[in-house]
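Asker: Sending over a structure as structure tokens; questions will come in a sec.
The values are calculated or read from the model by the stated rules, or taken from the named source; none is laboratory data. Owing to the predicted nature of the structure, the values given are computational and were not obtained by experimental measurement. Backbone-built Cβ (ideal geometry, glycine too); neighbour counts: all protein chains shown.
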Amino acid sequence: MVLELKLKKEDPKAILLVWEGDVWRRLSKSLFFNELNKFPAGLLWEDFLERFSLLEEKIGKRYSLYLLSQRAMLSSELEEKLISKGITPSVAKGVVQYCSEKGFLNDEQEVARLVAKELRKGHSAKAVLFKLRAKKRLDETLLQGALQEASSSDADVLQKWLVKNAKKITRDDPLAMRKLMAKLCRKGFSPELVFKTLGDN
């Protein structure tokens, strides 16, 4: 086996796995370096590939459990983090599936938590949909499902926002009311709901 581990000068956190002079993979130094140094010399290519595939899966699972012990994550988010460490997309998908089957990952719960968090900030369900769709690679079905449950609470969200943020608005000042209405519409609340709520108040 002619295998070398080379450091990347421009990225000290990465190593290059070089086989017979050709760069084969770019990997995370902290995750792979010590483990690869344990490989015996003189391995044939087929034996090396077999050992490396087992190692890659082992490291992927170990790193995933570490990340998930820190905070809840979405499947897509975990997969991206694994790939960024040099783990192949196919192995990353397998590790994510393993974590889901073991109950360490739950996209449905995490999407519901993200939606609830944004709603607490006073955003409408529609605004939350666009924000989360743009920021994260969310499962569209899960996102739509969580927002369908949340959309019925738009009126409650709007009421809470008004109580918290619009106490000082003079209701008989047309200019102030127009500015408030425009702001609420920009936050994603429907004009009909805004007019009705402010009228009721």
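Asker: Name the one entry in R26, R71, R51, R113 that is assigned by TED's automatic domain parsing to the domain that holds V128 and either touching a Cys at 6+ places or on another chain (Cβ under 7 Å) or charged (D, E, K, R) (or both). Talk me through it step by step, then tell me what you get.
Answerer: Details: R26 fails: assigned by TED's automatic domain parsing to the domain that holds V128; R71 fails: assigned by TED's automatic domain parsing to the domain that holds V128; R51 fails: assigned by TED's automatic domain parsing to the domain that holds V128.
None of the others qualify; the one that does is R113.
Asker: Taking the stated definitions as given, is V91 in contact (Cβ under 8 Å) with a residue 24 or more places away in the chain, farther than 22 Å from F32 by Cβ and not charged (D, E, K, R)? First the steps, then the outcome.
Answerer: Working: in contact (Cβ under 8 Å) with a residue 24 or more places away in the chain: yes; farther than 22 Å from F32 by Cβ: no; not charged (D, E, K, R): yes.
Here the answer is no, as V91 does not meet what is asked.
Asker: Now a separate question. Could you identify the single residue in L82, L67, L74 that is surrounded by 12 or more Cβ atoms within 10 Å (Cβ to Cβ) and touching a residue at least 60 places away in the same chain (Cβ under 8 Å)? If you could, list the steps in order and put the result at the bottom.
Answerer: Details: L82 fails: touching a residue at least 60 places away in the same chain (Cβ under 8 Å); L67 fails: touching a residue at least 60 places away in the same chain (Cβ under 8 Å).
After applying the criteria, what remains is L74.
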